[in-house]
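The values are calculated or read from the model by the stated rules, or taken from the named source; none is laboratory data. Keep in mind that what you see is a predicted model, and the values were worked out from it rather than measured. Note that each Cβ is placed from the backbone with ideal geometry, even for glycine, and that neighbours are counted across all protein chains shown.
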Amino acid sequence: MRLFHLLPLTITFAACTSQSDQPRVTAAEPEPIVRIETVEVCSNDLLAEGQHTFRFDTFGDEAFWGDQLHLHEALATVSPRTALAVGLKVDEEALPASLIAQLAAGEVDLDDPAVTAALLKIDAVVGVTGKFDNTGKLTSMGIQCAFCHSTVDDHLAPGIGKRRDGWPNRDLDVGKIISLAPNLTPFTDLLGVDADTVKQVLLSWGPGKFDAQLILDGKGFRPDGKSAATLIPAAYGLAGVNQHTYTGWGSVPYWNAFVAVLEMHGQGNFDDARLDSDQFPVAKRAGFAHVRVTEDRVTPKLAGLHVYQLSLAAPKAPNPADANAAARGEALFGGAAKCGSCHMAPAFTDSGWNMHTADEIGIDDFQASRSPDKNLYRTTPLLGLHTRSKGGYYHDGRFATLGDVVDHYDRHMSLGLTAEKKADLVAYLGTL
Ligand code: HEC
Ligand code: HEC
């Protein structure tokens, strides 16, 4: 009988415990009622832990960004004005009241790099952690998920406000920031090219973009000569969505492990035998298919990160300027324009297998061919579109406006939409 009671409890803890050093079974004899309470408390803990990981955990990646690239040395010379100009954001809630008052009164010298260091010291730069020695000198730095996947509401000033987790930072010039690193040897060694070539690739990305596949296949540019980078996507509105990333690499926990270990260079184990392939010559050479570390600082965080990301609801759209047009657009979306055959409410991606061929959506297969499934694009969940108009639409921002997206579908699917109908569809998209 005792075993019968213990078994469900073990499963409960295994499912909601993310710290490997926590006990999997408690000594107390479990009653069913206790088990239910435990689940609820545990979920809340996981959510809070996931938020903390998303915002503040570097997974030990300062060993790469600081100790190897020496990016902190570049950061130490950067004024707050320059930092804001390359898209870094400042978390208002980390600022002491005195500093908020000084900012409001225009008394903070935004041209003084010492102010950047002071902001780093109080953990106010979103997604970046500075490491300081006891003389107050900046000795290293690491990055977090929030670096790319959070922004702020600009409440105090442009780039300074309350955190908005999950909103893609389309101002952040990741390539430019990395290109400032005094030592690019880790990239030149990995990619087998010289520093000028690495810089040329990094500077081709531009604001709001990053190329997660560069360190796998070494492709810096598309056949048409344009950058191979993709837009930073939303990390909200992902609950109920099957495949993740533009080309469907896998689930949220898969991709989180991938990013934390291979892109951020955190210390963690990682497995993906698909990378041991000639499709990914750089990854194959580097042994990315199986990464093993002595102290895994990533895997124990995946459950919390997963729960937190699924909890991030897409932001609500403002009321439409023309509610009638939006209503007509909604009818078209689900009807004659056939959008709803792939973008299904409520997440606005396909229920089930949400992958489609490049031909189905009428674009080239360059980016799709860089993922293990080849030739497939994932139906982008559309909620919160109004928060990500910067940088354009589709994985590489090829369509500057929603009107351009609708024109594309109209041509590709021979929908024969009139200008009015196209405008109605755009009005509806603005309400998602
Ligand atoms: C340097 C910028 C950067 C950092 C740091 C970063 N990401 Fe991303 N993230 C991206 C880009 C770019 C993509 C799109 C990749 C693709 O589709 O090939 C992406 C994709 C994703 C997706 C898929 C979203 C979707 O629409 O399905 C999730 C989830 C995600 N990231 C979560 C995270 C988490 C969690 C972390 C921290 C462990 C993280 N990212 C760190 C840039 C970043
Ligand atoms: C066959 C399935 C399919 C149909 C039908 C379809 N879409 Fe899409 N949609 C996709 C896929 C796949 C993507 C991702 C393309 C990419 O990122 O390159 C996408 C991307 C988008 C985006 C860009 C989202 C972003 O954040 O970049 C918008 C907007 C969009 N679709 C609207 C529509 C509208 C409006 C219609 C109807 C006219 C429609 N879609 C019909 C599959 C479909």
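Hey, could you check the range 383-409 for residues that are in contact (Cβ under 8 Å) with a residue 60 or more places away in the chain and among the basic types (K, R) and say which is nearest to ligand 1 (Cβ to nearest atom)? If we take residues in the range 383-409 being in contact (Cβ under 8 Å) with a residue 60 or more places away in the chain and among the basic types (K, R), then R388 is nearest to ligand 1 (Cβ to nearest atom). Taken over the range 151-179, residues that are assigned to a strand (DSSP E or B) and without any contact (Cβ under 8 Å) to a residue 40 or more places away in the chain amount to 0. Taking the range 410-432 as the search range and keeping residues that are hydroxyl-bearing (S, T, Y) and surrounded by fewer than 19 Cβ atoms within 10 Å (Cβ to Cβ), which one is nearest to ligand 1 (Cβ to nearest atom)? That would be T431. The single condition among (1) of a type outside the set (D, E); (2) without any contact (Cβ under 8 Å) to a residue 12 or more places away in the chain; (3) in contact with a helix residue (DSSP H, G or I) (Cβ under 8 Å, 6 or more places away or on another chain) that M344 does not satisfy is (3). Please identify the pairs in which a residue from the range 275-297 that is farther than 18 Å from D61 by Cα has its Cβ atom under 6 Å from the Cβ atom of a residue that is at pLDDT 95 or above and among the basic types (K, R), counting only partners at least 6 apart or on another chain. Pairs found: D276/K284.
The single residue among V108, V174 that is over 19 Å from I232 (Cβ atoms) and not small (G, A, S) turns out to be V108. If the condition is being under 25 Å from G206 (Cβ atoms) and either within 11 Å of ligand 1 (Cβ to nearest atom) or in contact with a Phe, Trp or Tyr (Cβ under 8 Å, 6 or more places away or on another chain) (or both), then the range 363-382 contributes I363, Q367, A368, R370, S371, Y377, R378, T380, P381, L382. For the range 234-247, the count of residues that are away from ligand 2 (no atom under 16 Å from the Cβ), surrounded by 15 or more Cβ atoms within 10 Å (Cβ to Cβ) and in contact (Cβ under 8 Å) with a residue 40 or more places away in the chain is nonzero. In the set (1) part of a helix (DSSP H, G or I); (2) touching a Phe, Trp or Tyr at 6+ places or on another chain (Cβ under 8 Å); (3) basic (K, R), the condition left unmet by R297 is number (1). Scanning the range 408-420 for residues that are near ligand 2 (Cβ under 10 Å from one of its atoms) and assigned to a helix (DSSP H, G or I) yields H408, Y409, D410, H412.
For (1) in a strand (DSSP E or B); (2) more than 12 Å from ligand 1 (Cβ to nearest atom); (3) in contact with a helix residue (DSSP H, G or I) (Cβ under 8 Å, 6 or more places away or on another chain); (4) touching a residue at least 24 places away in the same chain (Cβ under 8 Å), each residue gets a yes or a no:
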| residue | (1), (2), (3), (4) |
| --- | --- |
| Q309 | no, no, yes, yes |
| P320 | no, yes, yes, yes |
| G329 | no, yes, yes, yes |
| A337 | no, yes, yes, yes |
| H356 | yes, yes, no, no |
| E360 | no, yes, no, no |
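Take A229 and tell me if it is within 12 Å of ligand 1 (Cβ to nearest atom), among the hydrophobic types (A, V, I, L, M, F, W, C), closer than 22 Å to R398 by Cβ and under 20 Å from the mean Cα position of the chain (by Cα). Judged against the criteria, A229 is a match.
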